[in-house]
Every structure is written in C-alpha cells, then in structure tokens.
1. 5 Å is the cut-off here: which amide hydrogens, built 1.01 Å from N in the peptide plane, fall below it relative to GLU356, excluding neighbours closer than 5 in sequence?
2. If you take every DSSP beta bridge fully contained in region 223-384, what fraction is antiparallel? Give it as a percent rounded to 5.
3. Using Cα pairs closer than 8 Å and at least 6 residues apart in sequence, work out the relative contact order for region 223-384, in percent.
4. Which cross-chain or sequence-distant (5 or more) residues have an amide H under 5 Å from the amide H of HIS57, H modelled 1.01 Å from N in plane?
5. Please compute the Cα-Cα pair-distance distribution of the chain with 10 Å bins starting at 0, giving whole percents from short to long.
6. At a Cα cut-off below 17 Å, give the aspartates and glutamates reachable from LYS351, other chains included and same-chain residues fewer than 8 away excluded.
7. Quick one: which residues, 5+ away or cross-chain, put their amide H under 5 Å from the amide H of ILE268? H built at 1.01 Å from N.
8. Placing +1 at every Lys and Arg Cβ and -1 at every Asp and Glu Cβ, with all other atoms neutral, what dipole size does the chain have around its Cα centre, in debye to the nearest 20?
Amino acid sequence: MSEQDTICAVSTPVGEGGIGIIRVSGREAIEIAARLFRPKQGGDIRAAKSHRIHYGHIIDPEDGEMVDEVLLSVMRAPATYTREDVVEVNCHGGLAPLWRTVRLLNAAGARQAEPGEFTKRAFMNGRIDLVQAEAVMDLIRARTELSLRAANEQLKGGLSQRIDSVREQLVSILAGVEAGIDFPEEDIETPSGGTLRDALQRTLEDVDQLLRSHTFGRILREGAAVTIVGRPNVGKSSLMNALLRQDRAIVTAIPGTTRDVIEESLNIAGVMVRIIDTAGIRETHDMVETEGVKRSLAAIEDADIAIAVLDGSVPLHDGDNRVLREVSGKNRIIVINKADLPRRIGPINDKAQKVEVSCASGVGLDMLREMIAGMITKDGTFAAEHGWAVNERHQRELALTRAAVERALETAGMGLSPELIALDLRDALDHLGMIIGATYTDDILERIFNDFCIGK
Ligand SMILES: Nc1nc2c(ncn2[C@@H]2O[C@H](COP(=O)(O)OP(=O)(O)OP(=O)(O)O)[C@@H](O)[C@H]2O)c(=O)[nH]1
Ligand SMILES: [Mg+2]
C-alpha cells in the first residue's frame, strides 16, 4: 500500500443516521471528488478556496444518475488532519448512499483506507507524534469526563513534552559524556549543574514519575477498583446498591448474606469506577463463607480504593478493628453507616478520611461520591495531577529506558569508560524515541494503527 495513494473511507459508524461522512485524503483528493460532484451553484471545486463547504449532488459519471444530495468540504494541504488535501462528503447516513459514493470514489481512483490510515498520515507527515496519534483513539473511546480530559491533554502534547524533556536531559548528558567532559565526582560544577551520577539520578526520577502514571492510565481505561469491605451486616451490599441506585446485591438482616465478590461499573462524578461488594470478613466454620472471606481479602489487595464500612449504630467491634487493619496500607475511606439510627460507635482511631452515611436515607452518599472522585482526580494518589497517563506500550519502553539509565549509573559508579556509559545512554534514548515515534518500525505502526477504526 503506497503512502502516495489517495485514500477514502466512511468515517461515521455503520448504520442509519442523519448524515454519514466520507473522507478522502491525498494528492488527488480534490480532483477525484470533482469527477463525481456537481455543485448546485455551478463552477468547479478544483478552483475552490480551502475550507469551504459546497452544496450539490453526487452523480454517477457512468450513467449520470443522481446518487445523493450532499455537502462537500474542500480542505487544502497543509492545514488539514492529514496535512494532505482532504475532501469530506456529508451524505445521507444510510448504507446505500454511503457505499455507492465510496464505490464511485474507488472507481475514480481513491483506494479504500486502512484502519487508522488518516491518522497514520498525520503522523508520517509530522503533524502529530505517536503518543498524540494514540490519544486520538483514546479520545474516541473516552466514556467519562476524566478520560476525555486525559485524552485531550495527551493530544495537545502534554505527555509528549514530558517525554521530550527526559530525552533532552539524556541528550545533554550523552553530549557531555561523548565530549569527554568528565563530570567530576568532587563538587566541581558542570554544565548540567552536578555530577554525572546526579544528572542520571534526576533522569531516573523523571522516568519513574512517568511510570507511576500508569496506574492512572489503567483507571482511565478500566475504571478504578473501589472495593467495599467490612464485617458482616454493616451494610456493604446496601452501600453498593445505593451507589448504583439499583438493587444489584442481595441485602438481608442475616449476617453473612454476601458470599461472593460482586462487581459493577459506574460513573462517579465523571470518573469510571468498578464498585466491588464483598463478603463480610469474620472467622467462620461455614465452608462457602470461608471461601468468600478469602476472596474479600484478595479483593482488598487488588483495590485502588478500599471502602471500609462500619455500623455506626453499635459499638466498635473486634471484627471492625480487623477490617481496619486489613485496609491500613491502602488508599481508603472509612464509611460509618446507618446514620439514621442513634450513634453508638465510639471514636475511630484511624487517620483515613471518614464519612457518615445512611444507605437507608441516602444521607452522606454525595459526600462519599465526592471523596472517591477526589481521591482519583485531585489528591495525586494516582498521579492524576498532570491529566495525562502512559499506556501499556509507553510503560514497556519506559521500563527499558529505566533499565538502560540504571546501567549507565552503575557503569559511572564503577568508574568505567565513558564509551560504555554512552552505549547505555543511546539505548535509553532509543526506547524513549520509540514512544513518541522519533524512531519506529513498521511493526510498531501496524500494532498501533490496526487498533484504530476505519475512517480515522
Ligand atoms: N437502619 C439502617 N439499616 C441499614 C442501613 N444499611 C443497611 N442496613 C441494614 O443492615 C442489614 C445488612 O445490610 P447488608 O447490606 O446486607 O449488609 P452487608 O454488610 O452486605 O452484610 P453481609 O453481606 O452479610 O456481609 C440489612 O437489614 C439492611 O437493611 C442503614 O443505613 N440504616
Ligand atoms: Mg452483603
């Protein structure tokens, strides 16, 4: 498949819709479209100004049959999505008008685009880097305010800039090493403002900060695991149902009602979370319940945020203390439930955020929702403060970058030759380059763009 070809594809989803958009991109885009399009006002779109919309009809050049009534926009390179000439045809959004028009475009010389090929061209033509290209798909897939914001930040270049700044640090360290500047161990100031090892150490910290954002990336894609735990009968399942606003989990007055882990996805204040209800934690001889408790403990391990539920209408119980111990190392919120009943629970000696709620009356639930969303977006626990997050691919390359920088540090520590250090630094730079696409292989491009939708 040549990158010189003019390509076309339906860019809107398959099915019936008010309009359907066909996008054409490439050197001959305008010429090819002109063969099918008859402007109502007359004239010729080959002479049209850029970024103008024209009303008219798609005509089959073979037999002169009118295929559809359309709006057609002409956008001339380079100020376009692909940096090539682009024509977009707004047809009626049904299968027949769209496919007939696409077939006519094919016959006139525009080949069918592969998935992501328009965005791939934007990358190849230098309009965006690979990280930004990936953000386009994240944007399309975003289901919450938070993921939308993160995708936009990444598309704008927020993450690319961070990676670039690490690259620049490494380039300047490498330049120093190659020029034979011996960053002295004793406190003589060097251009980078410290010893070689200090400079490498700083780079390592920046790489680690990027790596830490991976958890936030997983939260954006899958939702944060918010796991409700507590001893039996405190109202865990009631809390799950209240947050979901539906009767999902079985609630009874019998302790030990929930035996298994139950999970539902939910949008809380623009953040995707997975609400997970668990079996009450206690010592028991019941085999099924024992297995349930085991699963509850495992669910605490996997939780991004643990919600420890206490029953506020009875004094604190040994079982509660056990639960508080189990979640003590986690990001956690303590929920004191049954606030509609007289409070009998004493002071709770735990530094975690606390909130009193009543699943029966709904009191305090909004506060709890805010706390959950705030923990994910605001307090930095999940490195969300920058808005962007690395994905799996970035994480793999960053881990390799990190390993190479660490090797350079070791080599420097052993006082070995600068050539060896330079080798590791170049390796680190290669991996960073793969992330933004400064260096890439066909294989990498294929893997990224094959995941795209047709027409993007
Ligand atoms: N008054 C009052 N009762 C509540 C409240 N929340 C839950 N309950 C009651 O507490 C009992 C236990 O509720 P569940 O939600 O099943 O408790 P659980 O923690 O899931 O219990 P297990 O699944 O057995 O561990 C039920 O009778 C609920 O109706 C509340 O806010 N106020
Ligand atoms: Mg339950």
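Please treat every number below as a calculation from the coordinates, not as lab data. Quick caveat, the model's predicted, so the values are computed rather than measured. We place every Cβ from the backbone using ideal geometry, glycine too, and count neighbours over all the protein chains shown.
1. ILE336
2. 25
3. Relative contact order for region 223-384 comes out at 23 percent.
4. Under 5 Å from the amide H of HIS57: ARG38, LYS40, VAL70.
5. Cα pair-distance distribution for the chain, in percent: 4, 17, 18, 17, 17, 15, 9, 3, 0.
6. LYS351 reaches ASP320, GLU326, ASP379.
7. VAL273
8. Value, rounded to 20: 1580 debye.
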